[in-house]
Each structure stands twice: as C-alpha cells, then as structure tokens.
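What follows is a single structure, written as structure tokens, with notes after it.
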Amino acid sequence: MSKFLSTLQQDISEPHLASLVCAILDITAVIAERVSHGALGDTLGATTQENVQGEVQKNLDVIANDLLVSTLLSHSAVRAIASEEEQHTVAGTAGAPYIVAFDPLDGSNNIDINAQIGTIFTILKARDDVPDASDEQFFQTGSQQVCAGYVLYGPYTTLVITTGKRVHEATLDRSAEEFILSKSPVVLPAGVRDFSANMANLFYWAPKMQQYMTSLIQPAPASERFNMRWQGAMVGDVHRILTRGGAFIYPSDSKDPAQPAKLRLLYEAFPMAMLVEAAGGCGYSETQPLLEMTLTSLHQRTPVFLGDKKLVEDCFKAAS
Ligand code: P6P
C-alpha cells in the first residue's frame, strides 16, 4: 500500500469509506489524463446543452460528470449521488452507507484557456429516514460531512483531502497512476495579506462590503499592502490559500436580484469549508459559519468567506 493510502487510512478506519475514497482517487486520475490531452483530445469546446444551473455545459463537464456518476453509482458504498450537472439526486446501491456530492469540473470556463480546473467532492452518511433517491438525502449540516476533498488539474495534479482532523496533500504520479503523499498535514499560513475576489463585482456589493474591500487596496506601507489573485476557479484559489495563506471572498451581489449568491453550498462551500477549517482557517457565509448551515435545496447558493481567520472575520463583520 502507498505511503499516502497508509497515511490516509490512519484517518479513515471504516473500510467502506476507504474503498470509496480510493474509487474517487482512481476516477479523478482518469479525468486528469483526459484533461491533459487538451486540443488533441475530445475534451475542449462546449456542448449545445445547458445544465441545471443554466450554464452551457463544456464537453469536459460532461465527460468528468459521466465518469464520476458511473463510478460512484456502481460502488457498493454509495447509496446516492448529487452533482452540479444533475438536476436531482441519483440512487446508487440500496442501503449503502454513504452519499457523495461533487462538482465534477469546477472552473470549466478555464478549460479552453488551459487554466486551473478541478473536481470538488464531499462524502456524508446516507440517511435512513428519507428515500434513497430523494434530494433530502443531502439536506444535512456542513459539520456532518465525513470526508471532503478536491483534485486540482494544474501543471501537476494535486489531491487535497480531509476527514476533519488533518488535511493531506498528494500528487499524481502519472506513470504509476497513483497519488503520492506530498504534504501532511497541510496547515494554512496565518497573517498573509493575499485575497481572492472578483473585484469586477465591487459596485454590486453592499456598501459596507465595498468599503471593506476598497480598504484592502488603499495605498499603504509595503509591509501592510495586500496582493490579489483571482483564478476564476474556486479549486485553484482555495489551493493557493491552503498553500500560501490569505482569504477567498465571494460576497452576495445585486447583479441579479433573483440570484444574489453564486457559489453552491453543497459541493463547493461545504467541502472547501471543511478543508480550510481542518487546516486552521475558517469559513463563513454572510450570516453564520458555513459548517453550521443546513442544506434545504440541492443546488442552493451562498456567499463565501474562506481562509485566514482574521481576514474572514473582518469580511464577516463587514457583511453583518
Ligand atoms: P466569477 C466557477 O464557475 C465558480 O463556480 C468558482 O469555481 C469560481 O471561484 C467562481 O465561480 C468564479 O466566479 O465571478 O469569476 O464568474
């Protein structure tokens, strides 16, 4: 067994969960291989379809989703799955212990420009009090996640995963098609003056948020200046924050009154909040800690402040 899996199994003693995590690692290694083909493969470009979010599906969105759905629905530990690309929950193995939600390809607008994209996933215990294929399977609180992670398909492929105690990072050895442990534990560096935000939305944010975000870019002595990075893919920005520190800031905005928030609670905010909190940071919406939120609609959206405790708490104060 690889050092990574033996490290991971110190945190994952339950055999069905260990087997499920291995299945996710194996299928994301296949996705990484498909991604690497670029224009030489069948992965670039868009379909003529829209997903449940009303977004045009990219070919790679469909390929990644199909690979994850088929792998997970056939896994004996998976009772049901939910995906950004599926309208409703899909039933897998009756009576199985776990349910899995995922964004099969986060940041798919980055595919055709060869920028960062990734898969985000979260695993929860299946509910016995609702039907297997009902969306209510996922109507749980963020703190009920048993495992969360992402696979970043960058210049090299990185897996970051947690069961809530520690965060582990592994790098894909393409020749061996195996993830090799590269950092454990992952600890979020505190006090770093970096932030990720789409500043093009500045004048659509609430006045106090505009004031706070503008304060970050005011002229200041070199030691107090902030730097900004925006990957256009949460998986890339969160990975930078887990590696170098800083905060990811996506407030609600007035661009579309029917949809004031953009990021999805179940398969973006919940898993990323579990990872960031296990690494020593914190995650809030504009009203409460993300992990204290309970899902009430499969694709519901939320504002997100994630990362360095001081920066996130300042964002939360500005939003309150
Ligand atoms: P914007 C990708 O579509 C995503 O859901 C996140 O991965 C990313 O952080 C955000 O939306 C990008 O949003 O404002 O750049 O369109």
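Below are the figures for this structure:
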item: Local electrostatic count, residue 271, Cβ distance below 13 Å [Lys/Arg +1, Asp/Glu -1]; result: -4
item: Percent of beta bridges antiparallel (DSSP, the chain, rounded to nearest 5); result: 85
item: Overall Cα dimensions of the range 248-320 - principal axes, largest extent first, Å; result: 34, 25, 16
item: Length-normalised contact order of the chain in % [C-alpha pairs under 8 Å, at least 6 apart]; result: 16
item: Protection-proxy order for peptides 273-282, 291-300, 139-148, each taking the mean of Cβ atoms within 10 Å per residue, highest first; result: 273-282, 139-148, 291-300
item: Largest to smallest accessible area among 84, 55 [probe 1.4 Å]; result: 55, 84
item: Percentage relative contact order, the range 115-219, counting C-alpha pairs under 8 Å, at least six apart; result: 16
item: Cα-derived Rg over Rh, computed across the chain with Rh taken as Kirkwood radius; result: 0.95
item: Within the accessible area of the chain (1.4 Å probe), percent carbon and sulfur; result: 52
item: Largest-first ordering by accessible area, 1.4 Å probe, given options 127, 264, 244; result: 244, 127, 264
item: Solvent-accessible surface (1.4 angstrom probe) belonging to residue 85, in square angstrom, nearest 10; result: 20
item: Label-point separation in nm, residue 187 to residue 26, each point 7 Å along Cα→Cβ; result: 3.6
item: Cα-based helix-to-principal-axis angle, 207-216 vs the chain, degrees rounded to 10; result: 90
item: Residue 66-residue 16 FRET efficiency (beta carbon distance; Förster radius 25 Å; 0.05 resolution); result: 0.60
item: Ellipticity estimate at 222 nm from DSSP helix runs (n ≥ 4, -39,500 (n - 2.57)) divided over the chain, nearest 500; result: -8500 deg cm²/dmol
item: Surface accessible to a 1.4 Å probe, per residue, for the residues of the chain, Å²; result: 41
item: Solvent accessible area, Å² - residue 310, 1.4 Å probe, full protein context; result: 130
item: 42, 129, reordered so the largest accessible area comes first (probe 1.4 Å); result: 129, 42
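The values are calculated or read from the model by the stated rules, or taken from the named source; none is laboratory data. Just so it is clear, the model here is predicted, and its values are computed rather than measured. Using ideal geometry, Cβ is built from the backbone for each residue, glycine included, and neighbour counts are taken over all protein chains shown. All accessible areas refer to the heavy atoms of the entire protein, side chains included, with ligands and DNA or RNA removed. Shrake-Rupley method; radii C 1.70, N 1.55, O 1.52, S 1.80 Å.
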